[in-house]
Amino acid sequence: MSTALKKDFLRIASVNVNGIRAAYKKGMAEWLEPRDVDILCLQEVRAPDEVVHQLIGEGWHILHAEAEAKGRAGVAIASRQEPDATRVGIGDDYFATTGRWIEADYALKTAAGEDTTLTVVSAYVHSGEVDTPKQVDKYRFLDVMSTRLPELAKHSAHALVVGDLNVGHTELDIKNWKGNVKRAGFLPEERAYFDRFFGEEIGWRDVHRGLAGNVAGPYTWWSQRGQAFDTDTGWRIDYHMATPGLAAAAVSAVVDRAASYDTRFSDHAPLVVDYRL
């Protein structure tokens, strides 16, 4: 990530940990330690700042936005390189203390030796619930995202928003899409936002879909109920959204799906992407 890096790519991982304390009790450290991650983005951290620093440990620069509501939301970015600048919040005071959006800028050198800035966002979009205030908040957040994404693209040619965005964009992104068209997470109104994010109007790229191609999934979340994990009845709701220049540098995307239901540390699996700038 810095000029001191010996490898020629940048590894960025994102995962909704469903409570960082529970995740570490279930083996998150054993996943992270050998994974050689340069930037780690977390959502649904649900812990005080001192706990986050203690669990992630030394050797990381940690930015954490704790939600005002205890035990809810919370996002973090942990990086091996110290960021040049950080920002908390998406730009709407309504969401200022909700622990759903943080940004970090990193000074990098490209393979050609040119100086550039990488901007990384860890985001946690509301899950929503049809015909409730939760859904109103979700649409408001997506509205603000529609404004913030172009601003980030102007700020940095290499900008990246990762996290649990709680919307399956297309029918390929949900195993049982026909049974979910009236549920939050796959509503036509929600998916229309992603049409704009990834369309000509806003022009960002869905990195994982671009690398995976037109295949079912690969899913990143499975309900805790029934046999969803065992039958791979999942949703692809965790994303790497990138500006075109950064998306073009992505060389691999992997969902670190646990070997079995009982070896998971979260109901989400990490999405790990390598970028060769």
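The values are calculated or read from the model by the stated rules, or taken from the named source; none is laboratory data. All figures in this text were calculated on a predicted structure; none of them were measured in a lab. Using ideal geometry, Cβ is built from the backbone for each residue, glycine included, and neighbour counts are taken over all protein chains shown. Heads up: the accessible areas ignore ligands, DNA and RNA and are worked out on the full protein's heavy atoms, side chains in. Shrake-Rupley method; radii C 1.70, N 1.55, O 1.52, S 1.80 Å.
Odds and ends about this structure:
- Only protein heavy atoms count here; on that basis, with a 1.4 Å probe, TYR193 has an accessible area of about 30 Å².
- 3J(HN,Hα) along region 219-235: 6, 10, 9, 9, 4, 6, 7, x, 10, 4, 5, 5, 9, 6, 8, x, 10 Hz, from the Karplus curve 6.51 cos²θ - 1.76 cosθ + 1.60 with θ = phi - 60°, whole Hz, x for Gly and Pro.
- Size-normalised alpha-carbon gyration radius of the chain, reference 2.2 N^0.38 Å: 0.94
- Taking the charge dipole of region 61-182 about its Cα centre, with +1 at Lys and Arg Cβ atoms and -1 at Asp and Glu Cβ atoms, the residue from SER156, GLY168, PHE95 reaching farthest to the positive side is GLY168.
- Relative contact order (percent, whole number), region 175-268, Cα cutoff 8 Å, 6+ residue spacing: 29
- Equivalent ellipsoid semi-axes - Cα gyration tensor, region 18-159, angstrom: 25, 23, 12
- The antiparallel fraction among DSSP beta bridges confined to region 1-81 stands at about 65%.
- In the chain, Cα pairs under 8 Å separated by at least six residues give a relative contact order of 20 percent.
- Globularity ratio of region 225-268, using Cα Rg and 2.2 N^0.38 Å: 1.51
- What the Cα atoms of region 1-69 give is an Rg and a Dmax of 12.9, 42 Å.
- The chain: antiparallel DSSP beta bridges as a percent of all, rounded to 5: 80
- Loop-located trypsin sites (Lys or Arg not before Pro) in region 174-232 whose Cβ has at most 11 other Cβ within 10 Å (DSSP): LYS182, ARG225
- Summed residue charge, Cβ within 13 Å of ALA104's Cβ, Lys/Arg positive, Asp/Glu negative: -3
- Whole-Hz ³J(HN,Hα) from phi, Karplus 6.51 cos²θ - 1.76 cosθ + 1.60, for region 104-120, glycine and proline x: 9, 9, 10, 7, 10, 10, 6, 4, 7, x, 8, 6, 8, 10, 9, 9, 10
- Listed by chain and number, the lysines whose C-alpha is less than 20 Å from the C-alpha of LYS7, apart from same-chain residues fewer than 8 away, are LYS109.
- q = 0.10 Å⁻¹: log10 I(q)/I(0) that the Debye formula gives for region 140-277, counting C-alpha atoms only: -0.33
- Residue among VAL75, TRP177, GLY226 farthest towards the positive dipole end of the chain, charges placed on Cβ: GLY226
- Helical mean residue ellipticity (222 nm; -39500 (n - 2.57) per DSSP H run of 4+; nearest 500) of the chain: -6500 deg cm²/dmol
- Counting heavy atoms of the protein chains alone, GLU30 has an accessible area of about 130 Å² for a 1.4 Å probe.
- Taking θ as phi - 60° and the Karplus parameters 6.51, -1.76 and 1.60, the scalar couplings of region 203-217 work out to x, 7, 10, 8, 4, 4, 5, x, 7, 7, x, 7, 10, 5, x Hz in sequence order, x denoting glycine and proline.
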